[in-house]
Amino acid sequence: MTPEQIDDVWAVLDREHLAAITRRGPTPVFASISGAHLYGFASPDSDVDLRGAFLWPAQAVLSLHPPAETITIEPEPGDGGLELDWVAHDLRKFARLLTNHNGYVLEQLFSPLVVVSTPAHEELMELGKGCVTRPTVRHYLGFARGRRKRLAEPEPTVKHLLYAYRVLLTGIHMMQTGEVISNLSVLNQRFGLTGIDELVDRKRTGAEKMRLDERELAAQEAQLGELETKLRQAHEHSQLPEEPTTADALDAFVVRLRLDQALADRAAADTDRRA
């Protein structure tokens, strides 16, 4: 995303308030915006998808009844009716997902719409680069099939169409370059598909439920079919690794952060007892 596009998002979202929401749970390692705001076609009624990772205290993880590895925190009455949820994974689970060819967590990790960052986040992004693999194509092919199936059902919408384009272009670009880009307008600067900007404008102005007529849909389906073929070809010729190259480093990273936190917690407890 360009700096101007990022500024446009923060002009409508309160970054500090979102950061405060993430701190209602365990301490975040990072939090970022995913979904329509990241993809570049949020409309006024779009939900805010707040995603990321956190670190449970070592004592909690080692107890007889360890906490859930995934948390969901929804808005409270004082949040002004904001439609959002903060969904995050403990760092160990997030790292496991990274090593499992998971496009969702890659997009969250490399989202330029950062709400909370830490030194651990910066290190995690470096390690995450080694988790962009050829098998990640399964995520994008599966997502594309689901969206194209929805377009074949009654009353297909601009929203469904944009999600199909976004996922196909993200997948092609990733297979060809190893770069994780989720914003449709940025992607289309490279691919130059006609009509994308018009579709984005329709969605942004609240027309996401605007029905696509049969002739329009037929033309769009033809283009989507060509892109799916290109995604398969990009996968076939991709030079990305078959497996993550940083899995061992991620394992060491998670262990180190958990132990460091345990030592810090112990030092804090000793200080409190002496006070």
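Here is how the numbers come out for the structure above:
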quantity	calculated
Label-reachable residues, the range 92-112, where backbone N falls under 19 Å from a point 7 Å from GLU69's Cα toward its Cβ	92-109
Cα convex hull of the chain - mean projected area over all directions, nm²	16.9 nm²
Within a Gaussian network of the chain (alpha carbon springs, distance under 10 Å), most fluctuating of PRO44, PRO156, PRO244	PRO44
Among the listed pairs LYS93/LYS149; LYS203/LYS230; LYS149/LYS230, those beyond 27 Å (Cα-Cα)	LYS93/LYS149
Within-14-Å neighbourhood charge of PRO77 [Cβ basis; K, R +1; D, E -1]	-3
Among 47-55, 20-28, the order from most to least packed when residues are scored by Cβ within 10 Å on average	47-55, 20-28
Shape call, the range 4-139: gyration tensor on alpha carbons, a/c limit 1.5	oblate
Net charge contributed by nearby residues that have their C-beta within less than 12 Å of GLN108 (K/R +1, D/E -1)	-1
Cβ-based net charge around ARG96, under 15 Å, with every Lys or Arg adding one and every Asp or Glu removing one	-2
The range 181-239: C-alpha gyration tensor shape, a/c 1.5 cut-off, then a/b vs b/c	oblate
Label point distance in nm, THR245-GLU123, each placed 7 Å from Cα along Cα→Cβ	2.1 nm
Loop chymotrypsin sites (Phe, Trp or Tyr not before Pro), the range 94-147, which have at most 10 other Cβ atoms in a 10 Å radius of their Cβ (DSSP)	none
The range 67-222: relative contact order in percent, alpha carbon pairs under 8 Å with at least 6 residues between	18 percent
Estimated distance in nm for a label pair at GLU83 and ARG215, the labels positioned 7 Å out from Cα along Cα-to-Cβ	3.2 nm
Square roots of 5 times each gyration tensor eigenvalue, C-alpha, the range 135-237, largest first, Å	23, 15, 11
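Values quoted throughout were computed directly from the atomic coordinates according to the rules given, and no laboratory measurement underlies them. Note that the coordinates shown come from a computational prediction; the quantities given were computed from them, not determined experimentally. Here Cβ is always computed from backbone atoms with ideal geometry, including for glycine, and neighbour counts include all displayed protein chains.
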